[in-house]
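I have a structure I would like to understand better, so I am pasting it below and will then ask my questions one at a time.
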Amino acid sequence: MNKLRLQSTSVTPAVVLAALVCCLLIGAVVGIPWLFADPYETSDYHAITHESTGVYDVSTDDPTPIDELSPAAQAVVEHGITDYRNSDRDSVSYSVKYCREEMPVCDETERPDDFTYASTNPGDFYDVIETDDGIYILKTTDGTIGGDPGPFSGLEEKHIIFATVIIPVVGVLAFMAVTSHFSITPAGGGTPNRNVILGLALYGILFTGLGIVDPLLEMYYGFSFSEDFLGIGIVSMWVILFATVIHPFFDW
């Protein structure tokens, strides 16, 4: 029976490089919250109605003048009032696109602190706002008002990427770092190819850089790898990973 023989050798630049890239990938996942993230909040929803409709059983004795709200909050209310006036319904549900708090830059409205959302404190919340057109009641919540968000509502592209690409890349790099530290003679013959390790490490660096700029590309140019090429990227990455692990152990 052919057995795998391991003989320790000195630490090589390939080992150091693979280990450094492992740390880079892990550090990026932990330390960069916007890595491959959607730059915008998409789960905050609002509903608005005029007090005269009686849709919400809320006291309107102490309304907040709209002028006392922050500019971002005023924009949210005015957006809702516009939709309400253009509708024949008693109340109107609508969403507002916010930049995520973790994004270092923002080209849209930042989520105002004037209102409370269920993402921080579960439940429905009401704000009574006084305008020139009377008193409006704004309802804020998390998820579609009056609907079931579903079991996978919090799943994002970045979670799929972490599970199917980044974690395997880290694992393979760790594997190559360990195996390249030994002289390996597997059943098929051959030894680990340092060029393969170098190529995979370079891919890890490029992939991390892509993850950092991906939300910014979507924000300013409307292009996103994680949304537009997610499937192709995952398949390509697994082909690269498979070839990287198998290739060094065979004489082609």
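The values are calculated or read from the model by the stated rules, or taken from the named source; none is laboratory data. Note that the coordinates shown come from a computational prediction; the quantities given were computed from them, not determined experimentally. Note that we place each Cβ from the backbone using ideal geometry, even for glycine, and neighbour counts take in every protein chain shown. With ligands, DNA and RNA removed, areas are computed over all heavy atoms of the protein, side chains included. Shrake-Rupley method; radii C 1.70, N 1.55, O 1.52, S 1.80 Å.
Can you tell me how many residues in segment 1-41 are of a type in the set (D, E, K, R), part of a loop (DSSP other than H, G, I, E, B) and either open to solvent by less than 30 Å² (accessible area, probe 1.4 Å) or modelled with pLDDT of 70 or more (or both)?
Of the residues in segment 1-41, 1 are of a type in the set (D, E, K, R), part of a loop (DSSP other than H, G, I, E, B) and either open to solvent by less than 30 Å² (accessible area, probe 1.4 Å) or modelled with pLDDT of 70 or more (or both).
Do you know which of the residues in segment 79-113 that are assigned to a helix (DSSP H, G or I) and within 28 Å of the chain's Cα centre (by Cα) is surrounded by the most Cβ atoms within 10 Å (Cβ to Cβ)?
Only one residue fits best here, namely Gly80.
Now, a different point. What residue, of Thr64, Thr60, Thr116, is open to solvent by 40 Å² or more (accessible area, probe 1.4 Å), among the β-branched types (Val, Ile, Thr), farther than 30 Å from Val213 by Cβ and more than 27 Å from the chain's Cα centre (by Cα)?
Result of the check over Thr64, Thr60, Thr116: Thr64.
Restricting attention to segment 206-239, which residues are hydroxyl-bearing (Ser, Thr, Tyr), over 19 Å from Tyr98 (Cβ atoms) and modelled with pLDDT of 80 or more?
Once the filter is applied, which keeps residues that are hydroxyl-bearing (Ser, Thr, Tyr), over 19 Å from Tyr98 (Cβ atoms) and modelled with pLDDT of 80 or more, segment 206-239 yields Thr208, Tyr221.
Still on this structure, please answer the following. Within segment 42-51, can one find any residue that is at pLDDT 90 or above and open to solvent by 30 Å² or more (accessible area, probe 1.4 Å)?
For segment 42-51, residues at pLDDT 90 or above and open to solvent by 30 Å² or more (accessible area, probe 1.4 Å): present.
Do we have Asp67 as farther than 27 Å from Ser224 by Cα, among the charged types (D, E, K, R) and in contact (Cβ under 8 Å) with a residue 12 or more places away in the chain here?
Against the criterion (farther than 27 Å from Ser224 by Cα, among the charged types (D, E, K, R) and in contact (Cβ under 8 Å) with a residue 12 or more places away in the chain), Asp67 does not qualify.
Among the residues of segment 67-78, count how many are of a type outside the set (S, T, N, Q) and either open to solvent by 90 Å² or more (accessible area, probe 1.4 Å) or not in a helix (DSSP H, G or I) (or both).
Counting residues in segment 67-78 that are of a type outside the set (S, T, N, Q) and either open to solvent by 90 Å² or more (accessible area, probe 1.4 Å) or not in a helix (DSSP H, G or I) (or both) gives 5.
Would you confirm, using the coordinates I've provided, whether Ile166 is β-branched (Val, Ile, Thr) and either at pLDDT 75 or above or open to solvent by 20 Å² or more (accessible area, probe 1.4 Å) (or both)?
no
For the list (1) under 30 Å from Ala37 (Cα atoms); (2) part of a helix (DSSP H, G or I); (3) out of contact with any Lys or Arg (no Cβ under 9 Å at 6 or more places or on another chain), I need the number of the one condition that Thr116 fails.
Of everything listed in (1) under 30 Å from Ala37 (Cα atoms); (2) part of a helix (DSSP H, G or I); (3) out of contact with any Lys or Arg (no Cβ under 9 Å at 6 or more places or on another chain), Thr116 misses just condition (2).
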